[in-house]
Structure formats: C-alpha cells, structure tokens
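> Here it is, the structure, as structure tokens.
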Amino acid sequence: MTAPRWPHGARAACAFTFDLDAETLWLARGVTEAVTLSQGTFGVVEALPRILDLLRQAEIPASFFVPAWVAEHHPDAVKAIVAGGHEVGCHGDVHEKVSDLEPAQEEKILLRSLEVLTRQAGRRPVGYRAPAWQLSASTLTLLARHEFEYSSNMMDRLRPYLHPVTSDTGGRLVEIPVAWVLDDAPFFMFTGQRAMQPPGPVLQGWLTELDGITEVGGVTNFTFHPQIIGRPSRFACLRELVDHARRTPKLWLARLDAIAAHARQALA
Ligand SMILES: [Zn+2]
C-alpha cells in the first residue's frame, strides 16, 4: 500500500484527539461513588477549557469523541468544542464496551449517539471511536450502514487505509489507526491497581513516536482524555507536544475528518 501524499506538500500528518469521557469513564465500570466520579467532572470543568485555550493559541483544529451521555449532561462543553472549530465524533452512550453488546443494541446506541451529537453539535458526526477500543463483529458494518466516513480504532498500521466494508452508497470506511502508546490512559489513569507513571519519560516516548511516524509518512494519532491529560503535570507534556508538532517541518496538523477525506481521495 502506498502512503497517501499529504496536502500542502506535507510529508506526514498529526492529529490531537480527545475522548471526553467525563463521568462515563467510571460509570461504565459500575462506579457510582462520588469521589471517583468527580475525576470525570474535572475533565469537563477544569481541563477542557484549558485544552481549548491551548489549541486556539496553537491554531490546531482537533477531534473530540464524546459519549452521548456526556453531551446531554454537559451541553456547554460540546458547544465550546464546536465554537473552537473542532470536530465532534461518536463514542458510545455511557461508554459501554460494544464487544459486550448484541448487534441490535449496538445499533440502537450508535443511532442514539448520532442523534444526540447532531443535535448538540449542529452537524452530523462522521467519525467513530469505540469506547475502550474494542469492536464487536458488527461494528464496522454498522458504521458503513450509517454512512460514517471513518473509524479510529485499529492498531495495525501507521497510515490510514480503507476497510473492505462499504456503505449502501458504495463508500468504503476509512481507518485512521491508533495505538495504546499514543494514549494517556495506560500511563496515567489511576484505578487503585498500580502506580501512575511520571510524566517526563512518557513525554519523551510521545516525542519519539511523533518523530518516527513522521519519518515514515504516517499519522500520529494522539488520544488524550481531558480528565487525565488536564492535570497540570500532564498538561505541561501536552503543551510541549503541541510546540514540537508545530515546529516539525512539513507536518499536517489536522482533524481526523479532514485526514479521512484526504485519505479516501488519495487511496481511491
Ligand atoms: Zn473513551
């Protein structure tokens, strides 16, 4: 497979993406206890405004994946994301793992999240990221059936590609791959089980990933959670990453919907 040639003479792409799970990150684990849930609230009330500020100053358009439950409980957060020029994509209802669901239930949740996000964001979402990055046997078919443009879930490549599934109108679903190593949760999420990692070495790893993926002409698809990356010690890492990305020559900083549209054309 040849690498898509990137727009504006760029040699690679980079996306800053944020999963605004808020309280659903914990609700999906069966948690109802107030202190644990309040960590999710932190992501919306403290972290999100600072992240949006940073992106505005850096002039970086980003992609936010928002569970329907979060959009309904925090409508102003969705408004602020859209006002900042960012994309809103689907991410379940209450962050349920679709691999645990029957196809009919999964489709019902997908339709509900499309309906809620279209209403709140004023535009129909075109991207899907599965909660906890687990797909069912039906997920890709459902995405194609409901005319999604892209999935951002698989971990098999450094570059976008086309899934074999097609929509009723014949369009193929674009995959924009991700990786756990580009996600903040494996390093910093605290569930009482194991210690959190210090931010410095994690930042070093992310910088090296960005440089390495750029070198091979791929997409560095960072996946952050406002409640995790928004703590000041991690936010400093995010700021540094943003600065590094902006200083990297010929790197296209784009929303995933723009990357998907370009990849579809380049791979056709
Ligand atoms: Zn999530």
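> Near A185, within a Cβ-to-Cβ distance under 12 Å, what is the net charge of the other residues, with Lys and Arg +1 and Asp and Glu -1? Walk me through the numbers on the way to the answer.
Working: positive: R234; negative: D19, D21, D183, D184.
So the surrounding residues net to -3.
> Apply the Kirkwood formula to the range 183-257: the hydrodynamic radius equals the inverse of the mean of 1/r over all pairs of different alpha-carbon atoms; give it in Å with one decimal. Walk me through the intermediate numbers first.
Values: mean 1/r = 0.0754 Å⁻¹.
Every distinct Cα pair counted, the radius reaches 13.3 Å.
> While we're on this one: For the range 74-121, I need the span (max minus min coordinate) of the C-alpha atoms along each principal axis, in Å, sorted largest to smallest.
36, 16, 16
> Once you put a point 7 Å from the Cα of R247 and another 7 Å from the Cα of S99, both along the Cβ direction, what distance in nm separates them?
3.9
> Quick check: at a probe of 1.4 Å, how many percent of the accessible area of the chain sits on carbon and sulfur atoms?
Working: 6260 of 11680 Å².
The nonpolar share, carbon plus sulfur, comes to 54 percent.
> Right, here's the next one. Run lengths n ≥ 4 of DSSP H only: what is the helix-derived mean residue ellipticity at 222 nm for the chain, with -39500 (n - 2.57) per run over all residues, to the nearest 500? Write out the running numbers ahead of the final one.
On the way: 12 runs with 118 residues, N = 268.
Calculated from helices alone, the mean residue ellipticity at 222 nm is -13000 deg cm²/dmol.
> Still on this structure: What share of the DSSP beta bridges in the range 7-267 is antiparallel, in percent to the nearest 5? Walk me through the numbers before you get to the answer.
Working: 3 of 25 bridges.
In the range 7-267, approximately 10 percent of DSSP beta bridges are antiparallel ones.
> Now for a separate question. Beyond 21 Å, what share of the Cα-Cα pairs of the range 111-268 remains, rounded to the nearest whole percent? Intermediate values should be presented prior to the final figure.
Numbers: 6492 of 12403 pairs.
The calculated P(r) of the range 111-268 puts 52 percent of pairs beyond 21 Å.
> Give me the 1.4 Å probe accessible area per residue for the chain, excluding ligands and nucleic acids, in Å². Don't skip to the end; give the middle numbers.
On the way: 11680 Å² over 268 residues.
Roughly 44 Å² per residue, with all protein chains present.
> Related question: Dividing the Cα convex hull volume of the range 1-81 by residue count, how many Å³ per residue is that? Before the final figure, lay out each step's value.
Details: hull volume 10.5 nm³, N = 81.
Enclosed volume per residue, from the Cα hull, is 130 Å³.
> Sticking with this one: From the Cα trace of the chain, what convex hull volume per residue do you get, rounded to a whole Å³? Mind showing how you got there, number by number?
Values: hull volume 32.8 nm³, N = 268.
Roughly 123 Å³ of hull volume per residue.
> Under a point-charge model restricted to the Cβ atoms of Lys and Arg (+1) and Asp and Glu (-1), what is the dipole moment magnitude of the range 97-237 relative to its Cα centre, in debye to the nearest 20?
It works out to roughly 360 debye.
> Using Cα springs under 10 Å in a Gaussian network model of the chain, which residue among G170, G127, G212 shows the largest mean-square fluctuation?
G170
> Ok, one more. Compute, for the chain, the length of the dipole vector about the Cα centre, with Cβ point charges of +1 (Lys, Arg) and -1 (Asp, Glu) only. Units Debye, rounded to 20. Write down the numbers at each step before the final one.
On the way: 26 positive and 30 negative charges, 148 e Å.
Roughly 720 debye, rounded to the nearest 20.
> How long is the range 222-268 along each principal axis, judged by its Cα atoms, biggest number first, in Å?
Computed over the Cα atoms, the extents are 43, 25, 10 Å.
> Just in the range 187-219: which chymotrypsin sites (Phe, Trp or Tyr not before Pro) are loop by DSSP and have at most 16 other Cβ atoms within 10 Å?
Values: sites: F187, F188, F190, W206; in loops: F190.
Listed in order of number, the matching sites are F190.
> Along the charge dipole of the chain, which of P67, L27, T214 sits closest to the positive end, that is, farthest toward it, with unit charges on the beta carbon of Lys, Arg, Asp and Glu (+1, +1, -1, -1)?
Value: T214.
> Give the separation of the Cα centroids, the range 202-239 to the range 44-73, in Å.
16
The values are calculated or read from the model by the stated rules, or taken from the named source; none is laboratory data. Quantities reported herein were computed from a predicted structural model and do not represent experimental measurements. Because the Cβ atoms are built from the backbone with ideal geometry, glycine has one as well, and the counts that use them run over all protein chains shown. Just the protein is used for accessible areas: all its heavy atoms, side chains included, with ligands, DNA and RNA removed. Shrake-Rupley method; radii C 1.70, N 1.55, O 1.52, S 1.80 Å.
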